[in-house]
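Peer 1: Next up is a structure, given as structure tokens.
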Amino acid sequence: MEKIGKDYKLFVTGHSLGGALTNIFCFFASTEERFTRNGPVQAIAFAGPYCGGHSFADAFRHQERHKKLQFVRVTNDKDMVPRLPANFGVGRRGPRWRHVGVGVTMPKVPWIGKWKPLMHYYGKEKSWIGSTIHAYKRNFVFHTPWLRPWTISRMHTLFEIQDRLMYG
């Protein structure tokens, strides 16, 4: 830490499993004074799977409200990995797994017309029913290209996200 200096800011990024590790690491780093002294821990996770449940999401939002953490999740609309593991289990507060932070979903680039990413803040559902409906709509079963299984691996690449950012 002496070589870095005292005026650094922490920025974390990762893709797929690295996106999940980004999620977990930036949360724990945001609880340490030495990482948040010069500003919030900032992170961008690309196509990371679910990492925690409701308790984790509550603690994560607490850190965001106290300006210790800024987190963005970027996914492709047909990517299966951010929808794993299967989120069919329902508890007292809704589905078992929760995404956190600000979500940016990149749609397929249309041949004609306007292109606009879908942005949303996770955790705005008012009830466990709304939360469960939200999770079921975004479950991997409904987003698997059953008729074109060879596109599964292509949808999960950083090149696909880059194309959608550049040409959208």
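Peer 1: Can you pull out the residues in the range 35-51 that are crowded, with 19+ Cβ neighbours inside 10 Å and small (Gly, Ala, Ser)?
Peer 2: Residues satisfying the conditions are Ala43, Ala45, Ala47, Gly48.
Condition check ((1) more than 16 Å from the chain's Cα centre (by Cα); (2) not hydrophobic (A, V, I, L, M, F, W, C)) across all residues:
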{"residue": "Asn38", "(1), (2)": "yes, yes"}
{"residue": "Ala43", "(1), (2)": "no, no"}
{"residue": "Gly48", "(1), (2)": "no, yes"}
{"residue": "Thr75", "(1), (2)": "no, yes"}
{"residue": "Gly94", "(1), (2)": "yes, yes"}
{"residue": "Thr105", "(1), (2)": "no, yes"}
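Peer 1: Say we look at the range 52-74 and pick out the residues that are closer than 25 Å to Gln162 by Cα and without any contact (Cβ under 8 Å) to a residue 40 or more places away in the chain; which of these is surrounded by the most Cβ atoms within 10 Å (Cβ to Cβ)?
Peer 2: Gln70
Peer 1: Report, ordered by the first and then the second residue, all pairs with beta carbons closer than 8 Å, sequence separation of six or more or different chains, a first member in the range 85-109 that is touching a residue at least 40 places away in the same chain (Cβ under 8 Å), and a second member that is β-branched (Val, Ile, Thr) and surrounded by fewer than 17 Cβ atoms within 10 Å (Cβ to Cβ).
Peer 2: Ala86/Val141; Gly94/Ile129; Arg96/Val90; Gly101/Val72
The numbers here are math on the coordinates, done by the rules we state, and not lab data. Just so we're clear, the structure is a prediction, and the values are computed from it rather than from any experiment. Every residue, glycine as well, gets a Cβ built from its backbone with ideal geometry; the counts of neighbours run over all protein chains shown.
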